[in-house]
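No lab work stands behind these numbers, since they all come straight from the coordinates. Quick caveat: nothing in here was measured; it's all calculated off a predicted structure. Cβ atoms come from the backbone with ideal geometry, glycine included; neighbour counts cover every protein chain shown.
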Amino acid sequence: MDSEDETIAARDDHEIVLDAQPGLTRAQAFNLYLSHAFSTWNARGYEFAAILFTAAAYPDTLVAAALRMIVVYLAMIVFSSSVGHWVERSPNRLRTLVSTICCNRGSVILGSFFWLLILSQENLLNGETPDATSAKFALPRNDILKGFIFAVAVAFGIIERLSASGNLISMERDWIVTVAGPVGHPYDLTNLNAVMRRIDLVCKLISPILISIVISVTGSVRIGVLYTGFTSLISIPIELLCARRVWNGNVVLQAPKSVPPSEPVQHSTDAGEVSRIEIRSWPSKLRRYFKGLEMYFTSPVWMPSFALAMLHFNMLTWRATFITYLINIGYSLNVITIARAIGSIFEISSTIITPRGVVYLGKTSRRSTMSSDESEASLLHDETLRDEESADNTQTIIGLQRLGLWGMSGQLLNTIPVVLALWAISAQRDEATGQDFRTLIPRLLTDTGDHKAPLSVGWSVMLFSFLAFSRLGVWVYDLTTQQLTQTLVHRTQRSSFAGVENSVVNVFEVLGAGAAIAFPQVEQYRWLALASLISVMASWCMYAFWVRSQRSHLVHWEKLGSKFCGRS
């Protein structure tokens with residue numbers, strides 16, 4: 001009873017401080033951004049570095065890279081929901097965030113140690129420059145030991161991904177939502193999400209480039225391993241200091257958060273023991289896993305979340321398979337790097353467009369609602385007039401719904417010319433190399449020559465330009481969907497929802513990897529592009545259906561008709 005009273009009192013205190021100090025100060029926001037920047041810098045850097053380390057450890061095969069990727073994806077599918085559940089049930093926000101930071105940095109440091117052991121075998125040092133300082137240390141070749149150490153490195157990679165996921169869930173679904181100011185505040189939820197995503201996208205662009213520069217300049221992958229471990233080590237005190245500064249200066253974060261009621265747990269007690277040992281059997285864990293899925297699919301925003309997850313099947317993004325395909329058909333690495341950088345600029349611009357778009361479309365919707373004679377809209381308007389804050393929140397949600405539809409529509413419309421350009425380039429390549437579908441299978445079995453046809457400038461410009469525009473649409477949709485899930489999911493389920501959401505995302509990542517393995521030939525990538533277009537269309541249909549179910553329409557056709565009639 002005492003613990004229940006304390007929990008109720010803590011919740012009352014929490015509600016009081018929410019009213020007392022809304023939003024962040026500039027200093028608190030700076031520390032929050034800095035902590036998040038170091039977290040995403042290390043996560044994005046290690047994500048790319050692990051690919052380079054695996055390629056250097058197994059230079060003559062793609063099996064190790066594919067195996068590592070699939071194992072990590074499967075682990076994320078199985079354990080992501082448990083990570084979200086753990087974040088949800090941790091009452092102390094600072095302790096939760098600190099745990100994820102320490103676990104993530106520790107796994108990177110230990111993983112770097114084992115990568116260093118693998119890459120120090122003497123048969124893998126031939127590619128290093130003679131003056132590289134790391135060449136002084138070498139180990140004898142041992143393939144069995146190498147395989148064992150590789151498994152350990154992959155295991156630490158799984159811990160790194162899970163802890164990074166926990167850190168992101170704690171930050172995006174708990175800290176940001178808690179400290180965000182009301183609508184119109186400089187640090188309201190929309191602006192906080194935009195800046196945090198901008199930091200993520202900048203780190204996604206720069207961190208891998210810096211690792212590549214370090215390896216290229218030193219001529220040693222092992223120096224890249226040391227750089228990765230060292231950056232993780234020095235970022236620990238900075239992240240912890242910044243997080244504690246935000247926590248110390250914000251009474252809202254210090255208040256214990258509401259924790260959902262505990263689930264019934266089996267206990268085993270021996271006659272001679274006073275203490276009870278908590279036992280959670282595999283059936284109970286499985287029931288909790290499916291209970292999480294039930295919570296996810298009964299949420300009011302599962303459709304937008306699922307539609308976003310489906311986009312991770314898309315093969316027309318800057319993933320390893322698409323880059324490999326472009327290199328194989330004749331594009332230089334410089335062209336790919338420039339095109340990817342341009343695409344990153346469009347991605348970052350989505351974080352500037354989204355806050356303004358939400359406000360504009362929300363205000364437009366409010367004006368149209370005030371002038372509409374629809375009964376449902378009138379009831380909604382009458383209800384929101386009771387409370388100005390409620391009206392602002394409703395306006396923001398409508399703006400998110402509308403802008404999300406614009407983003408998804410932009411993604412779909414720009415993917416169509418990308419697929420057409422890719423098919424045209426593939427057809428030109430077929431003509432130049434003298435192949436067609438009737439001779440494709442015999443040629444794959446007998447021909448070992450390198451056929452790279454001249455690439456059309458026009459189709460290439462069309463391919464890369466519309467691909468860049470599509471990245472703008474998908475990230476606008478990502479930002480709006482994130483805020484919809486932050487707003488419309490109950491506060492005691494946000495982190496658990498995010499954990500299950502990560503599992504669903506990785507299901508489509510595995511499906512995409514499996515499709516690339518099933519269709520490995522360059523000539524077959526056009527079909528993967530077509531499948532990507534179908535997945536984007538399916539995502540658009542799902543989100544459009546959800547928006548229509550929420551707003552009873554997609555477009556005000558009568559208003560468009562009146563505008564056209566007025567102009568004529």
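3J(HN,Hα) along segment 411-421: 4, 5, 5, 7, 6, 4, x, 5, 5, 4, 5 Hz, from the Karplus curve 6.51 cos²θ - 1.76 cosθ + 1.60 with θ = phi - 60°, whole Hz, x for Gly and Pro.
Close amide H contacts of GLY181 (hydrogens built in the peptide plane, cut-off under 5 Å, sequence separation of 5 or more or a different chain): GLY23, LEU24, TYR187, ASP188, LEU189.
Modelled label-to-label distance, PHE30 and ALA138, 7 Å Cα→beta-carbon offset: nm? It is 5.1 nm.
Residues whose amide H comes within less than 5 Å of that of HIS490, counting only those at least five positions distant or on another chain, are absent (H built at 1.01 Å from N in the peptide plane). Taking a sphere under 12 Å around the Cβ of ASN193 and counting the other residues whose Cβ falls inside, with K and R at +1 and D and E at -1, yields a net charge of -1. Full extension of the segment from LEU420 to ILE338, taken as 0.36 nm per residue of separation minus the current Cα-Cα distance, would add 27.4 nm. Each Lys or Arg adds one and each Asp or Glu subtracts one; over the other residues with Cβ under 15 Å from the Cβ of LEU528, this totals 0.
For ARG356, neighbours were defined as the other residues whose beta-carbon sits under 15 Å from its Cβ, and their charges (Lys and Arg +1, Asp and Glu -1) total +3.
A cut-off of 5 Å between modelled amide H atoms, ignoring neighbours fewer than 5 places along the same chain, links LEU139 with GLN121, GLU122.
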